[in-house]
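**Student:** Here it is, the structure in full.
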Amino acid sequence: MPSARLDLAALLLPLIAACALRSTRPPPPQPTGDRDVLTREEILRSPLRDRDLLDALRGLRPRFLRAAPVAHSRASTGSLPTAVYVDGVRQPGLEALATIGASFVEEVRYLSPVAAQNELGAAAGGGAVMVTLHKDARVPPAGNGRASSDLRNTPFSREETMRISVALSLVALVACASSQPGGAIASAPEVPIGSSPVRLRSTGGPTVNVVTFPLEQVWQVLPAVFDSLGIPTTDVDVIQHVIGSSGFKAHKRLRNVALSKLIDCGSTQGFPSADEYDVKLSVLTQVERHDKAATSIATRVEAEGRPMAFSGTYSRCTTTGKLETTIAAAVLRRLQS
């Protein structure tokens with residue numbers, strides 16, 4: 001009997017210790033106030049204040065990130081993505097929230113699908129997350145490693161140094177001035193690729209991300225960012241802060257990343273055509289002051305492709321938005337390091 005009691009005590013002690021440890025852990029932060037609004041005060045009171053905004057929302061307002069429920073009608077909104085706006089600028093998706101430090105946010109407001117359509121139009125039929133940045137922010141956000149881990153999952157690596165050629169026209173710069181983010185790259189001219197008579201035409205506008213660092217710091221790291229991603233920097237405008245390449249070829253991969261993760265050229269026999277096509281790319285980024293402590297990073301990605309075995313016309317490909325977001329995340333990672 002004494003031996004049995006000792007064995008029972010030995011089994012119960014770890015359980016008692018585990019319960020004691022669990023009881024001493026602080027409870028997770030609970031939402032307070034308006035369930036459709038996350039305020040700066042609540043963020044700063046939370047242990048998640050030093051994380052990126054995407055992580056903060058997962059902990060404080062996970063409902064903002066969930067897909068809207070399917071409506072019981074033909075015009076179902078259940079499959080539509082949640083729209084994201086930062087200071088009124090549409091972002092490519094929820095992943096853009098990972099480029100914003102939570103402590104640099106003044107307010108996050110959630111709009112239901114019905115409210116979003118009424119306020120923003122049919123493009124926001126899946127609901128919307130409206131982010132307002134804190135205007136007086138001065139200190140860069142403390143990184144939690146999310147941006148860098150996203151880039152580690154995208155295996156780009158530095159392999160060579162690329163030369164920068166600068167061509168400036170002061171008359172053209174004055175004529176092309178624009179108050180809209182990415183105005184200088186919104187409608188680039190047709191660009192020939194090598195000796196091919198085919199030209200790459202611009203059809204889409206730039207994707208804009210906002211990072212809470214001054215323009216000068218962002219511009220300084222962009223050449224290294226483009227180098228690390230394998231994007232030539234043959235087009236550099238130091239006045240309008242434009243960098244990238246308006247025309248270069250790629251096959252299968254950009255650095256070590258499959259092209260199908262960056263662009264969509266359709267599929268052939270169930271496989272992404274982007275990984276097999278002869279692809280032409282144009283990647284241009286313009287940075288502009290968003291306010292005293294933040295910078296808008298506008299990136300325009302254009303792509304066309306055709307089968308390697310044919311000499312026919314190129315077909316239009318669409319961007320997945322990953323490259324645009326990766327550029328912004330890479331800038332943030334370098335500035336936080």
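The values are calculated or read from the model by the stated rules, or taken from the named source; none is laboratory data. All figures in this text were calculated on a predicted structure; none of them were measured in a lab. Using ideal geometry, Cβ is built from the backbone for each residue, glycine included, and neighbour counts are taken over all protein chains shown.
**Student:** Within region 212-229, can one find any residue that is β-branched (Val, Ile, Thr), under 25 Å from the mean Cα position of the chain (by Cα), at pLDDT below 90 and surrounded by fewer than 19 Cβ atoms within 10 Å (Cβ to Cβ)?
**Tutor:** Among the residues of region 212-229, not one is β-branched (Val, Ile, Thr), under 25 Å from the mean Cα position of the chain (by Cα), at pLDDT below 90 and surrounded by fewer than 19 Cβ atoms within 10 Å (Cβ to Cβ), which makes the answer no.
**Student:** Ok, one more. It is to be established whether one or more residues within region 233-245 are at pLDDT 90 or above, of a type in the set (Gly, Ala, Ser) and part of a strand (DSSP E or B).
**Tutor:** The answer is yes, given that some residue of region 233-245 is at pLDDT 90 or above, of a type in the set (Gly, Ala, Ser) and part of a strand (DSSP E or B).
**Student:** Just checking, does region 212-228 include any residue being part of a loop (DSSP other than H, G, I, E, B), small (Gly, Ala, Ser) and either farther than 30 Å from Ser315 by Cβ or not assigned by TED's automatic domain parsing to the domain that holds Val84 (or both)?
**Tutor:** Checked region 212-228: no residue is part of a loop (DSSP other than H, G, I, E, B), small (Gly, Ala, Ser) and either farther than 30 Å from Ser315 by Cβ or not assigned by TED's automatic domain parsing to the domain that holds Val84 (or both).
**Student:** Still on this structure, please answer the following. Conditions: (1) at pLDDT below 90; (2) closer than 19 Å to Val37 by Cα. Ser148 meets all but one. Number of the miss?
**Tutor:** Single failed check for Ser148: (2).
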